[in-house]
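> Have a look at the structure that comes next, please.
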Amino acid sequence: MRSKIIGSIGVTILVLLVLIAVFAESLAPYSPYEQVGTTFARPSAEHWLGTNDIGQDIFSELIYGTRNSLAVGLLSATIAMTIAVLVGVMSGWFGGKLDRILMKVTTVFLTIPFLPVVIILAAFSKGSVWSMSIILGVMSWPVVARILRSETIKIKGSNYIHMIQGMGASDFYVIRYHVFRELLPLIFYRGIIRVKSGILAESSMSFLGLGNPAAKSWGSIIYYAQSSNALLTGSWIWWIIPPGLCICLVSMALMMVAYSFEERNDARMEDKL
Amino acid sequence: MKKRIGHYLIILVIVIVANFFIPRLLPGSPIKTLIGEDTGQMTAEEKMGILDSYHLNDPITVQFGYYIKDLFSDDWGLSFSKRQPIKDLLKSAAGWTLLLSSVSMFFSIVIGCCLGAHSARKRKTKSDLNLILGTTFLSSIPPFWVAILLLAVFGAQLRWFPTYGAYSMWSDKQGLAYVLDVSYHLVLPVLALVLTSLLPYFTTTRYSVLKIINEDYIKMAKIRGVPDHTINVRYVMHNAIIPVFTMVMLDVGYLLSGSILIETVFSYPGLGVLMRDAVTARDYPLIQYTFLISSVLTIIALFLADLCYRKLDPSLEGADEK
């Protein structure tokens, strides 16, 4: 019951945020790309969260930022999960030489230092939504691939799979209709966690000033606030806290969904590493 | 063992090769990359001169030769944005980053494990649930944001802690006074890192303690009248620590990453700030060498963790041979 409540709170928050992202144009009071007021204005009736260093409305920036965060989170998670499922299932199911090669590649990716690589790639590729998602996705599949591999091996060893195979089912059929179906809760759970990590990583990148300077993102709002000394002027209260809270809100909502999903499927995920 | 060393050497080679190819594969003219955006006024000859001086007109194999030669030479050139030798910059930065990340790693492991063990022993009580919710909440906060808030409240507003750097500038503190000064500057960055990296240690310890508590040999020990303290330390913790160490191994790589973000908030003079400055100034040679050094450090840390792991869990030694 408890987990059901937590889960539905999470889903509600997420649905709201998706709606905000989709209808950003009509929800935002101003265009976040234009100068609509004096610079460094304090919060007022016209500008709920004041304006930034070039006179853009911070509240509108926040609303538009939802798009970037959700898009990068979802895209990078999709990319990462696709690679992870392909590598994990193939490695676990077919075993042998293919397994050894794929696991070697996985270990290499696991050992490559995450943030430095992401930073250097983002620094050279000027960070659009797509390039950011591809970078984050390609760098974050290995752990999940390992988990899926060991699960696939477990499923492959179970009796009913042997029976189905004995009846003449092809590899593809068994993977498509049985292995994949059994893995689905795990894939979904891990996918949610990846969306959350993707959103956090995107905000970190933009906070380091590596995002697309033209796009609005919660991380880059904080970046510009910091670089114009919001901490010293006291404007951090309306300039830095709200975007940070938004990031917390999304990732908390995702964690809630993941938590209730885990409880309901009674899948103890921790020991599957 | 030889196999493991081989594995890390291969990764090292991959990183070195990637460091050479990434900037060359990505779009953008090298001149713009090297000089900045004001290439408009340059004549074709000047451009050619620059390309020549960086050997960019040679075939790629020759360029690679120069790259490797530079890498193993003593001189990595000057950083044009900092006007200092790249090697000196990296040396001091790496020291600060290692200090920051090792101290915070130590505290997050100790605190995370204690909380996890406590939570497992109090399973299904209120304090267990509170700890689970609390740590989950902490893990969904972006680390750099926590750092900014800490800085704003305890640094800028209350003035309890310094807001800038790793030591007091313009003061000649020696000995103990210097150590105290450095630790004083460490408090806020370490706090931010520890708060946001507790979760993995917490969940792993909690889970593995829970599993062990229900084992038969623990019940047997209780029946035999072994003191609680001995059970907790010698029987439970000793076995529970192995999965935690697996977590540590996975995390070593990410820890350096975390400290890169925290450093930029506190202007802590480590690799993170160096990389951020290099990125803002588009100082590509500096970016590349910083990337190289932080990658090499991560690989060394992973290797050391791997070594310790084998000491801790001897059953792995055999598994490697298969």
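> Along the charge dipole of segment A:2-272, which of A:130, A:170, A:115 sits closest to the positive end, that is, farthest toward it, with unit charges on the beta carbon of Lys, Arg, Asp and Glu (+1, +1, -1, -1)?
Positive-most Cα among the choices belongs to A:170.
> Within the set of other residues whose C-beta is less than 12 Å from the C-beta of residue A:219, count the net charge using Lys and Arg as +1 and Asp and Glu as -1.
Every neighbour counted, the sum reads -1.
> Another question about this same structure. Quick one: helix A:241-264 against the long Cα principal axis of chain A, what's the angle to the nearest 10°, folded into 0 to 90?
20
> Go ahead and set up a Gaussian network model of chain A, Cα springs under 10 Å, then flag whichever of A:258, A:41, A:122 fluctuates most.
Top of the fluctuation ranking is A:41.
> Next question, about the same structure. How much net charge surrounds residue B:81 when only the other residues with a Cβ under 11 Å from the Cβ of residue B:81 are counted, with Lys and Arg +1 and Asp and Glu -1?
With Lys, Arg at +1 and Asp, Glu at -1, the neighbours total +1.
> With N set to the residue count of segment A:2-272, report its C-alpha Rg divided by 2.2 N^0.38 Å to two decimal places.
Normalised Rg, Cα atoms only: 1.18.
> So what J values fall out for segment B:64-70 if you push phi through Karplus, 6.51 cos²θ - 1.76 cosθ + 1.60 with θ = phi - 60°, rounded to Hz, Gly and Pro as x?
So the J values, rounded to whole Hz, are 5, x, 4, 4, 5, 4, 4.
> Further question on the same structure: So what J values fall out for segment B:87-98 if you push phi through Karplus, 6.51 cos²θ - 1.76 cosθ + 1.60 with θ = phi - 60°, rounded to Hz, Gly and Pro as x?
Calculated HN-Hα couplings, in order: 4, 5, 4, 5, 4, 6, 5, 4, x, 5, 5, 4 Hz.
> Here's another thing I want to ask about it. Work out, in µm²/s and without decimals, the Stokes-Einstein translational diffusion coefficient of segment B:130-211 at 25 °C, 0.890 mPa s, Rh from Kirkwood over C-alpha pairs.
Stokes-Einstein gives a translational diffusion coefficient of 168 µm²/s.
> With N denoting the number of residues in the protein assembly as shown, provide Rg(C-alpha) divided by 2.2 N^0.38 Å, to two decimal places.
Compared with the compact-globule rule of thumb, the protein assembly as shown sits at 1.03.
> Name the long-range amide H neighbours of residue B:79: under 5 Å, sequence gap of 5 or more, or other chain; modelled H, no Pro or chain starts.
It is B:84, B:86, by chain and number.
> Of A:156/B:3; A:4/B:124; B:2/B:87; B:69/B:91; B:124/B:219, which pairs sit farther than 25 Å apart, going by alpha carbon to alpha carbon?
A:156/B:3; B:2/B:87
> Using the 2.2 N^0.38 Å rule of thumb for compact globular proteins, work out how segment A:21-147 stacks up: its C-alpha Rg over that value, please.
Dividing the Cα Rg of segment A:21-147 by 2.2 N^0.38 Å gives 1.50.
> Now a separate question. Suppose every Lys and Arg Cβ carries +1 and every Asp and Glu Cβ carries -1, with no other charges. What dipole size does the protein assembly as shown come out with about its Cα centre, to the nearest 20 debye?
With Lys and Arg at +1 and Asp and Glu at -1, about 2200 debye.
> Taking +1 at the Cβ of each Lys and Arg and -1 at the Cβ of each Asp and Glu, which of B:208, B:308, B:293 sits farthest along the dipole of segment B:94-321 towards its positive end, judged by Cα position relative to the Cα centre?
B:208
Every number in this text was worked out from the coordinates using simple rules, so none of it is lab data. Predicted model, so just to flag it, every value in this text is computed and none were measured. Glycine also receives a Cβ, built like all others from the backbone with ideal geometry; neighbour counts cover every protein chain displayed.
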